[in-house]
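Presented below is the structure to which this report refers.
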Amino acid sequence: FFNDTATTEIYTLSLHDALPISCTMKGVIFMIIGIPKELKDKETRVGLIPKWVFRLTEQGHTVYIQKGLAEPAGIADEEYINVGAKVLETMEDVYNACEMIVKFKDLMPGDLEMPFRKGQMLFTAFHMAEGTAKPEQVKRLLEAGITGVSYEVTRYPDGSRALTRPMGEIAGRMAPILGTQYIQRQYGGSGVSVVPITGVKRARIVILGGGHAGLSAAQVAEGLGAEVVVFEKSIARLEYLRNILHHTDLRYMDKISFAAEVARADILINCIYSYPGLEVPIVTREMVRTMRKGSVIVDLEGEGIIETAKYTTISDPYFIEEGIVHVGVTNIPAMVPDAANETFSRYIFPIVEDTANYGLKEACKRNPVLRSGVIMVNGKITQKEVADSQGVPYTPLDVDTML
């Protein structure tokens, strides 16, 4: 396999005798990639599904999965084995064996107990740039010296969000459906029918944010037959939405008009996320109190934007505060894993493949989406949104010297 013209860099990555080594030969990198299970409640999404793992193994890379990785999504380990992946018993085994970890969702307390090591690459949704400080997580990861690639901060060259689009679409499309469910009387809702009934006033759905998730929510709300209002602060975005949403009342975001519509809403859907410098809450407790009792708030953020909101889980999805039903599930797409895993794997595979084939340094030069997602390198935060959100020093990313 090796000859005297090959350049090799060989190092052991596991306590297991049979595990392979990572090497470079004539500029070709063979990467050892691990996909651990997710610890978030009822999470069904995974780093990569089998058909994309096959794309890696056929190129010579080694892929390890944790036993039972995608069983919650109905995907058996045998499907991964059949495309060349190998199975390890525990999450610790995966982290010990692999130089590149591909997760899906943000880190839970159990994830932070993993045996990270300096230089190990971790691809996941860290959610550290959204206004909520995570000091223990930041301290643990920076002390370990990992290199982190965070999906939700990635951007296309035009500045638009990149890897959040597929999950934003699914969460947005599901939000009116969840509102339709939880406005039913058995959940404490008002009992309004969102689906139009002959001779009865239509339900009113108010959506905060006209981005990708907000657009998706409005399209479904229109399809359900509700009266729909979208609030957006960008005039350019409102002009864009006007060409797509033909039965939606599009409004420029101002506090007075928005507060008046919140009071009229049967379902309020929040599709924006907090960020450093944003004045929150946008929906105050006083505004919530003006809503009709039994109305529903579906909050894709979970906390921050709406004063009365808090995170909920798929196992315990709603609560009632000020007489209003609140749904704050932050992993809504996990409810529909077939769609979520298929679309997200397709979006993230190019950055995973480039990193595996070229190494992170060269891949960042080739792939601007990947480069935009590098939030930490060797104990330093390299993404300004993250540094501002977490209140830590910011070191601009220098691909040539830091990677």
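Numerical summary
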read-out: Net +/- balance of residues flanking Ile348 in space, Cβ distance below 13 Å, scoring K and R +1, D and E -1; value: +2
read-out: The stretch 129-208 - Debye-derived log10 I(q)/I(0), Cα point model, q = 0.26 Å⁻¹; value: -1.23
read-out: The stretch 202-360 - share of DSSP beta bridges that are antiparallel (%, nearest 5); value: 15 percent
read-out: Amide H contacts under 5 Å for Val228, placed H, 5+ residues apart; value: Ile205, Asp249
read-out: Positive minus negative residues near Leu245 (Lys, Arg vs Asp, Glu; Cβ under 13 Å); value: -2
read-out: Largest-first principal axis extents of the Cα set of the stretch 109-156 (Å); value: 31, 22, 16
read-out: Extension reserve of the Thr290-Lys255 stretch, reckoned as 0.36 nm per residue once the Cα distance is removed; value: 11.2 nm
read-out: FRET efficiency, 1/(1 + (r/R0)^6) with R0 30 Å, evaluated for Glu342 and Lys310 via beta carbons; value: 0.45
read-out: Kirkwood Rh and Cα Rg combined as Rg over Rh, evaluated for the stretch 244-363; value: 1.10
read-out: Directionally averaged shadow of the stretch 239-306, computed from the convex hull of its alpha-carbon atoms, nm²; value: 5.4 nm²
read-out: Rounded tilt (10° steps) of 255-264 against the dominant C-alpha axis of the chain; value: 70 degrees
read-out: Area accessible to solvent at Leu107, 1.4 Å probe radius, in Å²; value: 10 Å²
read-out: Burial order of peptide ranges 293-301, 281-289 (average beta-carbon count within 10 Å, highest first); value: 293-301, 281-289
read-out: Prolate/oblate/rounded call for the stretch 187-313, Cα gyration tensor, a/c under 1.5 rounded; value: oblate
read-out: Exceeding the 24 Å Cα-Cα cut-off - candidates Lys118/Lys365; Lys42/Lys134; Lys310/Lys384; Lys67/Lys103; Lys233/Lys380; Lys42/Lys384; value: Lys310/Lys384; Lys233/Lys380; Lys42/Lys384
read-out: Lys380 paired with Glu239, simple spin-label distance in nm, labels 7 Å along Cα-to-beta-carbon; value: 4.1 nm
read-out: The chain - share of DSSP beta bridges that are antiparallel (%, nearest 5); value: 25 percent
read-out: Computed [θ] at 222 nm, helices only, for the chain once each DSSP H run of length n ≥ 4 contributes -39500 (n - 2.57); value: -9500 deg cm²/dmol
read-out: Of all accessible heavy-atom area on the chain, the percent that carbon and sulfur account for (1.4 Å); value: 53 percent
read-out: Efficiency of FRET between Glu279 and Glu58 - r from beta-carbon atoms, R0 45 angstrom, step 0.05; value: 0.35
read-out: In order through the stretch 45-59: 3J(HN,Hα) via Karplus (6.51 cos²θ - 1.76 cosθ + 1.60), integer Hz, x for Gly, Pro; value: 8, 10, x, 8, 8, x, 5, 7, 4, 4, 4, 7, 5, 5, 8
read-out: Prolate/oblate/rounded call for the stretch 66-108, Cα gyration tensor, a/c under 1.5 rounded; value: oblate
read-out: Heavy-atom accessible area per residue - the stretch 153-195, 1.4 Å, Å²; value: 43 Å²
read-out: Using alpha-carbon coordinates, inclination of helix 212-224 to the longest axis of the chain, degrees; value: 50 degrees
read-out: Radius, Kirkwood style, for the chain when every pair of distinct Cα atoms is counted (Å); value: 22.5 Å
read-out: Amide H within-cut-off set for Val298, under 5 Å, with H built and near neighbours excluded; value: Leu268, Ile269, Asn270, Val327
read-out: Normalised per residue, the volume of the convex hull around the Cα set of the stretch 333-399 (Å³); value: 108 Å³
read-out: Rounded tilt (10° steps) of 165-182 against the dominant C-alpha axis of the chain; value: 40 degrees
read-out: Largest to smallest accessible area among Met121, Met108, Met335 [probe 1.4 Å]; value: Met335, Met108, Met121
read-out: Tyr394-Arg161 FRET efficiency (beta carbon distance; Förster radius 22 Å; 0.05 resolution); value: 0.60
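The values are calculated or read from the model by the stated rules, or taken from the named source; none is laboratory data. What you see is a predicted model; the values in this text were computed from it and never measured. Positions of Cβ are generated from backbone atoms using ideal geometry, with glycine treated the same way; all protein chains shown enter the neighbour counts. Calculation scope for accessible area: heavy atoms of the full protein, side chains included, ligands and nucleic acids excluded. Shrake-Rupley method; radii C 1.70, N 1.55, O 1.52, S 1.80 Å.
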